[in-house]
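**Q** Please find one structure pasted underneath; my questions will follow.
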Amino acid sequence: MPAKKSFEQALRRLEEITETLEEGQASLQKSIKLYEEAYSLIDFCRGELKSAEQKIKKVTGKSDGTLKEEDFE
Amino acid sequence: MEKNIYSVSELTHTIKNLLETSLPTLWLEGEVSNYKRHYSQHLYFSLKDESAQLSAVMWRSRAQKLPFQLEDGMRIRVLGNVKVYPPAGRYQFDVLEAEPVGTGSLQMAFEQLKRKLYALGWFDEARKKALPVFPRRIALITSPTGAAIRDMLNVLKRRAPYVDVVVLPVAVQGERAAGEIARAINLCNRHSLGDVIIVGRGGGSLEDLWAFNEEKVAEAIFHSHIPVISAVGHEIDYTIADLVADMRAPTPSAAAELAVVDKEALMGKLGDYEARLRQAMDNGLAVRRRQIEQLEQSHALRRWDDQLFQHHQYLDGIQSRLENAMNVKMREMRTGLEKLELSLRATHPKTLMARGYSLTLKNGKIISSVSNLSEGDIITTELSDGSVESTVTRHSAKRIM
């Protein structure tokens, strides 16, 4: 059950690109590249928000140090 | 009459019986002094007032249930019995329970632990961890059956269906609560069960919430690598857990709201990015378009145009001059040629013959010297309009002309 992290990275990258484009210093070619990247990030984020379905697990520690995991009813 | 002689033991035991049976279990009030906690965890101290003092002891089994710490100078009320200790010939007060005067035991304990942890720097804002901006998994440490868990799950479902939830069920009141809460916090850290931990319960009395004022819970929160939000009901102002936690929420639902970013807000944020990006791109393109237009109309470019035109003109000029020059040259050459032709023509034999010169041949060869001729040779003389054949009769080196 690895934690999902990439959304946060995507948001951070999105902020970075937006600021770069707003500064207006990048070349046209570079701007277009960044713009395309930003749009794919937005699509990715929207997809994540739409598709994600909340999983609720109940976790308890067992005496041998391992975890017992079950669905939370 | 025989003297009635007691042994020391007999007298001491008589005193012990008298004291221990005639004095019931009683409440006693006094000021603590000479307080010592023995390594065996028994507590030894004196209780005194203006004119008297009394030794007191609280055995380990009782002392463990005492929520607060005794301190020298503290006014307390103790419940217990007078006990005589024969080997030392001493009497002392055997304490069953103790409570501070003027405040509750729990309140006292709270104040003491707060003071201690404050001194350790555990409440410093500077050492508190920032909550993750965008957590993807929330660990809830609470009772699996209370209203608190339902409230939190409702908020998380509504606001952030994109986060996963891990519930670590614990008792949130009673003797086992603090230990279970502390263990669950440690478990979360050991197995990285969430990006943020919410530990809490609904409201209750100070006694109900007591686990959240215990040192082991404070310790687990303090040592957690994962940020902790405390969410203990609002009956009292703060618990120790609230003070140590990285973030304090007044209720469990508030904690859930603090922990996650609202889905709608995120969608809005993405929309904002989209608008800003488009705007930035439009601006960038507009700026470039303007630059191109300005360039087109610029003096430099126009002058350059002029220059180009001038270059063309110059080249055209050069070309016609060249052509002229060539024509002149050609004409000169043609005239020269014509002259040459004329002079050439003037020296042609036929021209000469027309003027009276003739050509002498012998056997088809031009004879240019009399020495090549002998008497009797037949020679042909070419004239302008024909030829004659003659026989040489005489030849001389003497010229006629």
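**Q** Hey, could you check the range B:93-105 for residues that are open to solvent by less than 30 Å² (accessible area, probe 1.4 Å) and of a type in the set (A, V, I, L, M) and say which is nearest to B:Ala52 (Cα to Cα)?
**A** B:Val95
**Q** Which condition number does B:Asn283 fail, the rest of (1) within 14 Å of another protein chain (Cβ to nearest Cβ); (2) within 27 Å of the chain's Cα centre (by Cα) being met?
**A** If we test B:Asn283 against (1) within 14 Å of another protein chain (Cβ to nearest Cβ); (2) within 27 Å of the chain's Cα centre (by Cα), just (2) comes out false.
**Q** Do you know which residues across the range A:44-57 are open to solvent by 50 Å² or more (accessible area, probe 1.4 Å) and at pLDDT 80 or above?
**A** Just the residues of the range A:44-57 that are open to solvent by 50 Å² or more (accessible area, probe 1.4 Å), to begin with: A:44, A:46, A:50-51, A:53, A:55.
A:Phe44, A:Arg46, A:Lys55, listed by residue number.
**Q** Right, here's the next one. Is it fair to say B:Ala256 is within 14 Å of another protein chain (Cβ to nearest Cβ), at pLDDT 90 or above, open to solvent by 10 Å² or more (accessible area, probe 1.4 Å) and not in a loop (DSSP other than H, G, I, E, B)?
**A** On the way: within 14 Å of another protein chain (Cβ to nearest Cβ): yes; at pLDDT 90 or above: yes; open to solvent by 10 Å² or more (accessible area, probe 1.4 Å): no; not in a loop (DSSP other than H, G, I, E, B): yes.
Spelling it out, it is not the case that B:Ala256 is within 14 Å of another protein chain (Cβ to nearest Cβ), at pLDDT 90 or above, open to solvent by 10 Å² or more (accessible area, probe 1.4 Å) and not in a loop (DSSP other than H, G, I, E, B).
**Q** Might you let me know whether the range B:190-201 holds any residue that is assigned to a strand (DSSP E or B), within 13 Å of another protein chain (Cβ to nearest Cβ), open to solvent by less than 10 Å² (accessible area, probe 1.4 Å) and in contact (Cβ under 8 Å) with a residue 12 or more places away in the chain?
**A** Step one: list which residues in the range B:190-201 are assigned to a strand (DSSP E or B), which gives B:196-201.
Next, only the ones that are within 13 Å of another protein chain (Cβ to nearest Cβ) stay: B:196-197.
If we keep only those that are open to solvent by less than 10 Å² (accessible area, probe 1.4 Å) too, we end up with B:196-197.
When the remaining residues are screened for being in contact (Cβ under 8 Å) with a residue 12 or more places away in the chain, the result is B:196-197.
Scanning the range B:190-201 turns up at least one residue that is assigned to a strand (DSSP E or B), within 13 Å of another protein chain (Cβ to nearest Cβ), open to solvent by less than 10 Å² (accessible area, probe 1.4 Å) and in contact (Cβ under 8 Å) with a residue 12 or more places away in the chain.
**Q** Okay, next question. Which condition does A:Gln25 not pass, out of (1) open to solvent by 50 Å² or more (accessible area, probe 1.4 Å); (2) at pLDDT 85 or above, if it passes all the others?
**A** The single condition A:Gln25 does not satisfy is (2).
**Q** Which numbered condition in (1) more than 21 Å from B:Pro161 (Cβ to Cβ); (2) open to solvent by 90 Å² or more (accessible area, probe 1.4 Å) is the only one that A:Glu37 fails?
**A** Against the list (1) more than 21 Å from B:Pro161 (Cβ to Cβ); (2) open to solvent by 90 Å² or more (accessible area, probe 1.4 Å), A:Glu37 comes up short only on (2).
**Q** Taking the condition assigned to a loop (DSSP other than H, G, I, E, B), within 43 Å of the chain's Cα centre (by Cα) and among the small types (Gly, Ala, Ser), does B:Ala130 pass? Give the steps one after another, and end with the answer.
**A** Working: assigned to a loop (DSSP other than H, G, I, E, B): yes; within 43 Å of the chain's Cα centre (by Cα): yes; among the small types (Gly, Ala, Ser): yes.
So B:Ala130 passes the test.
**Q** Here is a list: A:Leu41, A:Leu14, A:Leu34. Which entry is in contact with a helix residue (DSSP H, G or I) (Cβ under 6 Å, 6 or more places away or on another chain), modelled with pLDDT of 85 or more and facing another protein chain (nearest Cβ under 7 Å)?
**A** Numbers: A:Leu41 fails: facing another protein chain (nearest Cβ under 7 Å); A:Leu34 fails: facing another protein chain (nearest Cβ under 7 Å).
Only one candidate passes the filter, namely A:Leu14.
**Q** Applying the selection to the range A:20-73, what residues are hydrophobic (A, V, I, L, M, F, W, C), outside any helix (DSSP H, G or I) and over 16 Å from B:Arg137 (Cβ atoms)? Even if it seems obvious, please write down each step before you answer.
**A** The initial filter retains those residues of the range A:20-73 that are hydrophobic (A, V, I, L, M, F, W, C), namely A:21, A:26, A:28, A:32, A:34, A:38, A:41-42, A:44-45, A:49, A:52, A:56, A:59, A:67, A:72.
Retained after the next criterion (residues that are outside any helix (DSSP H, G or I)): A:26, A:52, A:56, A:59, A:67, A:72.
Scanning the range A:20-73 gives a single hit, A:Ala26.
**Q** Only one of (1) assigned to a helix (DSSP H, G or I); (2) among the hydroxyl-bearing types (Ser, Thr, Tyr); (3) under 59 Å from the mean Cα position of the chain (by Cα) fails for B:Thr21. Which number is that?
**A** It fails just one condition, (3).
For every residue, the table says whether it meets (1) open to solvent by 30 Å² or more (accessible area, probe 1.4 Å); (2) assigned to a helix (DSSP H, G or I); (3) farther than 24 Å from B:Trp210 by Cα.
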position	(1), (2), (3)
B:Asp242	no, yes, no
B:Val261	yes, no, yes
B:Leu266	no, yes, yes
B:Lys269	yes, yes, yes
B:Arg276	yes, yes, yes
B:Leu285	yes, yes, yes
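The values are calculated or read from the model by the stated rules, or taken from the named source; none is laboratory data. The model shown is predicted, which means the values in this text are computed figures rather than measured ones. Here the Cβ is made from the backbone with ideal geometry for all residues, glycine too, and neighbour counts use every protein chain on show. SASA here: full protein model, heavy atoms, side chains in, ligands and nucleic acids out. Shrake-Rupley method; radii C 1.70, N 1.55, O 1.52, S 1.80 Å.
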